[in-house]
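Report on the following structure.
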Amino acid sequence: MNSLSTILIVVGLFLLGGIYSFVKQQMPKGVIVLVALAAAMCLGAGVLRLDVWA
């Protein structure tokens with residue numbers, strides 16, 4: 001596991017916490033969807049960079 005994959009996974013988890021916070025604050029749905037997409041991309045990129053697929 002290299003540092004970039006770790007950073008991407010940590011940022012993705014941070015954004016997931018932001019989604020939870022935004023839902024509790026009743027923020028607009030567009031903002032929540034945008035942050036959810038960013039979290040999914042960060043987590044996906046971090047997992048794909050783990051090199052366990054080779």
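The values are calculated or read from the model by the stated rules, or taken from the named source; none is laboratory data. Treat the numbers as computed from the prediction; the structure is a model and nothing was measured. Backbone-built Cβ (ideal geometry, glycine too); neighbour counts: all protein chains shown. Quick note on the areas: whole protein, heavy atoms, side chains included, nothing else; ligands and nucleic acids left out. Shrake-Rupley method; radii C 1.70, N 1.55, O 1.52, S 1.80 Å.
Selection over the range 14-33 of residues that are aliphatic (A, V, I, L, M) and surrounded by 14 or more Cβ atoms within 10 Å (Cβ to Cβ) gives a count of 5. Cβ-Cβ contacts under 9 Å between residues 6 or more apart (or on different chains), taken from a first residue in the range 29-54 that is within 18 Å of Val10 (Cβ to Cβ) to a second residue that is open to solvent by 50 Å² or more (accessible area, probe 1.4 Å) and hydroxyl-bearing (Ser, Thr, Tyr), are listed as Gly46/Thr6. Screening the candidates Leu48, Leu37 for the property of being modelled with pLDDT under 95 and of a type in the set (A, V, I, L, M, F, W, C) yields one hit, Leu48. All conditions but one from (1) surrounded by 14 or more Cβ atoms within 10 Å (Cβ to Cβ); (2) at pLDDT below 95; (3) of a type outside the set (Ser, Thr, Tyr) apply to Ala54; the one that does not is (1).
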